[in-house]
1. Do any residues in segment B:188-204 that are without any contact (Cβ under 8 Å) to a residue 60 or more places away in the chain have Cβ atoms under 8 Å from those of residues that are in a loop (DSSP other than H, G, I, E, B) and open to solvent by 40 Å² or more (accessible area, probe 1.4 Å), where the two are at least six apart or on different chains, and which pairs are they?
2. Restricting to strands (runs of 3 or more DSSP E) lying wholly in segment B:98-195: which have 2 or more residues that are open to solvent by 40 Å² or more (accessible area, probe 1.4 Å), within 14 Å of chain A (Cβ to nearest Cβ) and out of contact with any His (no Cβ under 7 Å at 6 or more places or on another chain)?
3. When residues of segment B:252-276 are filtered for being assigned to a loop (DSSP other than H, G, I, E, B), of a type in the set (A, V, I, L, M) and under 15 Å from B:Val217 (Cβ atoms), how many remain?
4. Applying the selection to segment A:118-144, what residues are under 23 Å from B:Thr267 (Cα atoms) and part of a helix (DSSP H, G or I)?
5. Of the residues B:Gly83, B:Gly18, B:Gly62, B:Gly48, which single one is in the same structural domain as B:Asn105 (by TED's automatic domain parsing), open to solvent by 10 Å² or more (accessible area, probe 1.4 Å) and of a type in the set (Gly, Ala, Ser)?
6. Please return the ranges of strands (runs of 3 or more DSSP E) entirely within segment B:1-94 where 1 or more residues are charged (D, E, K, R).
7. For A:Thr190, indicate whether it is modelled with pLDDT under 95 and open to solvent by 50 Å² or more (accessible area, probe 1.4 Å).
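The values are calculated or read from the model by the stated rules, or taken from the named source; none is laboratory data. No experiment lies behind these values; they were computed from the predicted model shown. Cβ placement follows ideal geometry from the backbone for every residue including glycine, while neighbour counts extend to all protein chains displayed. With ligands, DNA and RNA removed, areas are computed over all heavy atoms of the protein, side chains included. Shrake-Rupley method; radii C 1.70, N 1.55, O 1.52, S 1.80 Å.
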Amino acid sequence: MNIMVCIKQVLDNASVPKLDPATGRVVTEGVETIANPFDLNALEGALRLTDVHGGEVSVITVGNEECKTVLKLGLAMGAAHAYLVKAPDGQEQDSWSVSYLLSRAITSLGPFDLVLCGKQAIDDDSAQVGGSIARLLNMTQVTYVEEIQEVSSESITVKRAGNSGSEIIAARLPALLTCEKSLGEPRYPTLKRTRMANRVDIPALDCTEIGADPDRAGALVKVQMVYAPEPRQRGELLRGEPEEITRLAVARLVEQKII
Amino acid sequence: MPNPDYQGVWACLDQADGKISGVSLEVLSAARRLADMLSVQASAVLLGHSVDGLAAEAFAYGADRVYVCDDEKLKDYRAATYGKALESLIRSYRPAIILFGATNNGHDLASRLAGSLGTGLCTNCVRLQQNEEGMLIASRPVYGGSLMENVACGGARPWLYTIHQNAMEPLEPQDGKTGDIIPVKMELEEEDACAKVLKIIPAILGEISLTDAQIIVSGGRGLGDAKGFTLIQELADTLHAAVGASRAAVDAGWIPYAHQVGQTGKTVSPRLYIACGISGALQHLAGMKNSDVIVAVNRDENAPIFSAANYGIVGDLYQVIPVMIEEFKKVMAGR
């Protein structure tokens, strides 16, 4: 199996993202970054497939040189190849831009039996890139995959979190899947692989190399403002005899017609 | 700039088992309000099999027009067939704006459409309004709800939006209201689907899913062990609520991941969220703090969860929850 896994570098979610009051944007300078957790679940799912069925896993991301960090992690976990797609300079990007650039890059690097993405990135929470790539590449699309059950040369059987329960789906290959956390806890990179990954010269591809039109790669959705949500009013803290304060809390909910 | 070739607001409705989903009624209501704001028509799109009976409900919730695409191949939701049907409808009838529910299927379909149309998509919107310049601004939570952003689509139409559950109130249905039904015939081949739904495993009978729930009762590390969820379930059953969990409880193996609320689980915003034995780690707070009302039960009065709670009960949950169950049962019995 030849599998491509798309990874996004995001801000470390161990701390609350800070706003720069001057620009009205999230402060990224000097903030730790991590690989989007759901993308690593996807990578783990891909590696488990090639562990059993053979083949190679590649990882790809869109961004600047700094984003090579997540690609190195991918290599250290077991990916055979890594590719950085350089976003055109001086241009704002959104989910569309990333979908378009990735779809062009995947076409130029392929063919792949499977393309895997996380179900969403934990920064913009868009849940958009996977489905858009699938359509741009005319691949079978299955999102919110909870489990990979069976693979043959023509198809893959997966469990998907649908709207009214889990669905067992047989999907024709090539297919794009977006993955839930349950696809697998990401394995720890071995020391040997980490050393090897650090030595790899990761190619940085520009629009020409992937056959993308830079004019099409601009953002369709523009961010006007980022702001903190209205802080919640600190409520009532009830202390005392458990039975009494519980009755009081229930009475409040009934009074306010919440129940 | 409005493009005169593309007109009106569409609501793409989720349906299953002969019913329009709750979030779709919110989506349709949002489409109605938006259409009024822009002085255009609101239409509903029903894709599925044996769905024509649902048009009356769509009219009651504000649709001027209902496009019905009834086809056996649309019985199960599948990205390729639903996408093909909707793309073809868009080409024929050219809406300016399409709203979807922010559900798994809604995101699946909207993201696919965004890829084929090359037009803007804003997901998880909690508000849609025009600014002074007449620009349509969508507000959406980001970073798991830690921050909000206002975004605007530009360029080609139609613009696509998915609407967050419980963010926009459904309108009062007006029974007996009618409008135009436009049946649409599609040339769909089973081949087009590229995928077969072999089986649907419904949520456990009576189990309410987190994203649909009006009330959620969640348990965390403070439960002490997996058995604690029996008590959480009993409280949830009393309130017809869904059961949620903190990441700590999921990681401890007390409850499946599907119940996890938070940044790496599900982001929820029910009418009432009851957090039991949850300290309130950043990632959990981000995923639930947009709930209308939060009740927290915790022994530690310095637990961060209390900073988000409307009512904080400082006490042992094993003493508090049984009383809650008893009291709620009395309230429910009186109705």
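1. Here the result reads B:Pro202/A:Ser164; B:Ala203/A:Ser164; B:Ala203/B:Ser209, each pair linking segment B:188-204 to a residue that is in a loop (DSSP other than H, G, I, E, B) and open to solvent by 40 Å² or more (accessible area, probe 1.4 Å).
2. B:127-130
3. Residues that pass the stated criteria total 2.
4. Once the filter is applied, which keeps residues that are under 23 Å from B:Thr267 (Cα atoms) and part of a helix (DSSP H, G or I), segment A:118-144 yields A:Val129, A:Gly130, A:Gly131, A:Ser132.
5. B:Gly18
6. B:65-70
7. Criteria met by A:Thr190.
Each row is one residue, and each column tells you yes or no for (1) more than 17 Å from B:Thr230 (Cα to Cα); (2) of a type in the set (Asp, Glu); (3) in a loop (DSSP other than H, G, I, E, B).
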| residue | (1), (2), (3) |
| --- | --- |
| B:Val295 | yes, no, no |
| B:Asn302 | yes, no, yes |
| B:Tyr318 | no, no, no |
| B:Ile321 | no, no, no |
| B:Met324 | no, no, no |
| B:Lys329 | no, no, no |
| B:Arg335 | yes, no, yes |
